[in-house]
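Engineer: Sharing a structure below in structure tokens format, with a few things to ask.
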């Protein structure tokens, strides 16, 4: 072997030895390093609570957990989640004792931000911006929340799973599905009727269904109207529960409601509660319930 090559090989061995020793010495330290800590979060908003839970990182505390379970339902909050009391008047002393790393709110609770900021940094996350595509905003919200908990891959999975599921549900619908009129009762004579800029509209758009309501809606995607405003609409009625106390009984004696039912394309479809101000988890739940109701009705 030429002397130059021999010297090069000896030099490389001499350099490799200390490098290997350094790497071996570092391995225990790397193995013992703690995993990244998920921030301890609190939120007053059920939309953010359902999104955090669907991402696998449920909040430590939420406003009105019992009402969440009644209105939102799924994904289920763990029993460990602390109830902060009323969303509009949270127990600030309890919240301070919990010492969250961050507090997440939506513009609905922005007036509380100055008091909340005395406890922990506050993130204000927006959804249902007038003039914006609702589905695109729900995707963005999902990714923003996932970034806060350092789970970007969970956001991608939630978005892809939700959209894939809605594609499957759309394929189950016939081409002759009637236009829908989606309402929720406020009292025996007034309803929220859902249209543009809302979660229900975003879902039926992706399912390829038609909304019979083309009237104006507010920033949350609904309009509050009297039953008489629906009298001339040719559509299938969809009622989203819950009914306020006494409303079912009053409707049984309401001639106006009975005429609407007679003009409807079949008996009204009654759906369990779905959080109409929610994000992807509520969107999937509404799609599941609506398609199932349409299919079950076709069987009869």
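Engineer: Is it the case, given these coordinates, that residue 144 is in contact (Cβ under 8 Å) with a residue 12 or more places away in the chain and outside the structural domain of residue 294 (by TED's automatic domain parsing)?
Structural biologist: Working: in contact (Cβ under 8 Å) with a residue 12 or more places away in the chain: yes; outside the structural domain of residue 294 (by TED's automatic domain parsing): yes.
Yes.
Engineer: Is it the case that some residue within the stretch 220-230 is over 20 Å from the mean Cα position of the chain (by Cα), more than 26 Å from residue 157 (Cβ to Cβ) and in a loop (DSSP other than H, G, I, E, B)?
Structural biologist: Start the filter on the stretch 220-230 by keeping residues that are over 20 Å from the mean Cα position of the chain (by Cα), which leaves 223-230.
Now narrow it down to the ones that are more than 26 Å from residue 157 (Cβ to Cβ): 223-230.
Next, from what is left, pick out any that are in a loop (DSSP other than H, G, I, E, B): none.
No, the stretch 220-230 has no match at all.
Engineer: Next question. Looking only at the stretch 246-257, how many residues end up being surrounded by fewer than 19 Cβ atoms within 10 Å (Cβ to Cβ) and either in contact with a helix residue (DSSP H, G or I) (Cβ under 8 Å, 6 or more places away or on another chain) or not assigned by TED's automatic domain parsing to the domain that holds residue 192 (or both)?
Structural biologist: 2
Residue-wise test of (1) outside the structural domain of residue 202 (by TED's automatic domain parsing); (2) modelled with pLDDT under 95; (3) surrounded by fewer than 16 Cβ atoms within 10 Å (Cβ to Cβ).
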| position | (1), (2), (3) |
| --- | --- |
| 53 | yes, no, no |
| 72 | yes, yes, no |
| 86 | yes, no, yes |
| 107 | yes, yes, yes |
| 130 | yes, yes, yes |
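Engineer: Turning to a different aspect of this structure: Given 266, 221, 208, which one is modelled with pLDDT of 95 or more and at positive phi? Spell out the reasoning first.
Structural biologist: Values: 266 fails: modelled with pLDDT of 95 or more; 221 fails: modelled with pLDDT of 95 or more.
Just one listed residue meets the conditions, 208.
Engineer: Would you confirm whether any residue within the stretch 169-190 is within 25 Å of residue 52 (Cβ to Cβ), modelled with pLDDT of 95 or more, assigned to a helix (DSSP H, G or I) and not assigned by TED's automatic domain parsing to the domain that holds residue 284?
Structural biologist: Yes, the stretch 169-190 has at least one match.
The values are calculated or read from the model by the stated rules, or taken from the named source; none is laboratory data. Please read these numbers as outputs of a predicted model, since none were measured by experiment. Please note: Cβ atoms are built from the backbone with ideal geometry, for glycine as well, and neighbour counts cover all protein chains shown.
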